[in-house]
1. Pull up all non-local amide H partners of I146: gap of 5 or more, or a different chain, and H-to-H distance under 5 Å with H placed in the peptide plane.
2. Let's see if you can work this out: charge +1 on each Lys and Arg Cβ, -1 on each Asp and Glu Cβ, no other charges. What is the dipole magnitude of the range 11-334 about its Cα centre, in debye to the nearest 20?
3. Calculate how steeply helix 315-331 sits against the longest principal axis of the alpha-carbon atoms of the chain, using the helix alpha-carbon long axis, and give the answer as 0 to 90 degrees to the nearest 10.
4. What ³J(HN,Hα) values, in whole Hz, does the Karplus curve 6.51 cos²θ - 1.76 cosθ + 1.60 give for the range 207-215 when θ = phi - 60°, with x put for Gly and Pro?
5. Enter the angle in degrees (range 0 to 90, nearest 10) between the Cα long axis of helix 84-93 and the first principal axis of the Cα atoms of the chain, meaning the one along which they spread out most.
6. What value, in deg cm²/dmol to 500, does the helix sum -39500 (n - 2.57) over DSSP H runs of n ≥ 4 give at 222 nm once divided by the residues of the chain?
7. Just to verify a number: FRET efficiency for R403 and T382, C-beta to C-beta distance, R0 = 22 Å, to 0.05?
8. Using the 10 angstrom Cβ neighbour count as an exposure proxy, how do Y70, Y47 rank, fewest first?
Amino acid sequence: VMSNPTGSDSYANKTNVERDAGVEWWRDARFGMFIHWGVYAVPAGEYGGKVFTGASEWLMHQAKIPASEYRHFAEAFNPVAYDPETWVRAAVDAGMKYLVITAKHHDGFALFPSKASTWNVAEATPYGRDLLGPLVDACRRAGLRIGFYYSQAQDWFNGGSVFGEKWDPVQENDFDAYLDRVAIPQIRELLTTYGPDIPAVLWWDTPSDMTPDRAARVDAAVQAVAPGMLQNDRLGLIREQHPGHFDTPEQRIPANRPGRAWETCMTTNESWGFCASDNAWKPAALLIRQLCEVVSQGGNYLLNIGPRADGTFPEPSLAALREVGDWMRVNGEAVHGTSAGPFPYRLPWGFASRRDRMMYLMIDEWPVGGLLEVPLLDLPETAQLLSDPEAPVGFRIVDNVLRITLPASAPGAAVCVVALRFAAE
Ligand code: FHN
């Protein structure tokens, strides 16, 4: 029996200010790592001699694989090279401040030991032990926050909901019974096993069948053990009832600056889970540019990695992370702890973010002759190119525009940042 779903801790009864409390660390973080990992990394987008393109974590659904067949992938899931310290170092070195991992994706497979279903890493794989705990510990040691993604509705293996047509009798189930038997108990396990501050975020997904009633039930279960838990906007079908703390535009950057806290999640190639045939890796320059655009509009950027079944990150992801990290070491102050810049749209040369007296101009189109025009009426006290602090940078107001004189040609990086410092008010 669930506690009162409309109790005072439920989202529906909270004001926007209350919902925003506790979000500060998350807003300041600005940049995080998403990890999609599960037994789907074993087939990696291939089944029965056929290559499936798109999202490899959807293979069970794409190829209509019965649970009795799909479970064999778990028998081959033995990530002996899994070293959470290495993952966390890659994230920290890239300038990321938090990490969100798929505790359970739509295939129902839990990366943690669970009393609610034997379809979990401890019982269904030769690896035979928890994957989340060691990652939580590594994150703690590195000062990285960790969030759990949990597919609360879709569960193709444990009798949850299924997008479109079902293909296996295990899917013929009572959705409410599934919520009580699997989802809610597993959510409790995730909230009570790893410590009071873990997870830092609950990241829901694909709320099919999540009526307001059901969403309230799940939320009540969360609030009962973790009041105020930071959650994304995908718990229930009806936003007004369960808006969560932040919106989650997927694979895109909103054209208009949203009023609420938000986070763009983005793949590094096309698939979320590891996909052997997916070589559409985004150049690091594009990832950096996207990070800047998101930050300039006051959002967070959650960049996804799909680890291989052995527990290692694909080399192209690592290379991209290293390049992003090189950029962040020079320019990270334009990202961390900043808020949206004064311009609600892209300027001819790029984007801007702000923090206190600082404004950061993130230039991805070098202006002709190095003459940058910024539609501002305030003269800064100082202006400095972060990648070359000794380079002369001139600035003055001309015809109601701040004119900045930079070196005639771009110093090379995908995005060059000019830091402006203004007088205290
Ligand atoms: O179906 C999932 C998909 O596999 C992936 O997890 C993304 C991440 O935001 N969410 C769903 C699609 O919206």
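1. It is L99, A200, by chain and number.
2. Magnitude of the dipole: close to 540 debye.
3. The helix 315-331 is inclined about 40 degrees to the chain.
4. Along the range 207-215, the couplings run x, 4, 6, 8, 5, x, 4, 5, 4 Hz.
5. 20 degrees
6. Computed mean residue ellipticity for the chain: -7000 deg cm²/dmol.
7. For R0 = 22 Å, the calculated efficiency reads 0.90.
8. So the residues, fewest neighbours to most, are Y47, Y70.
Each reported figure results from applying straightforward, stated rules to the coordinates on display, with no laboratory input. It should be emphasised that the depicted structure is a prediction, and the values quoted were computed from it without experimental measurement. Because the Cβ atoms are built from the backbone with ideal geometry, glycine has one as well, and the counts that use them run over all protein chains shown.
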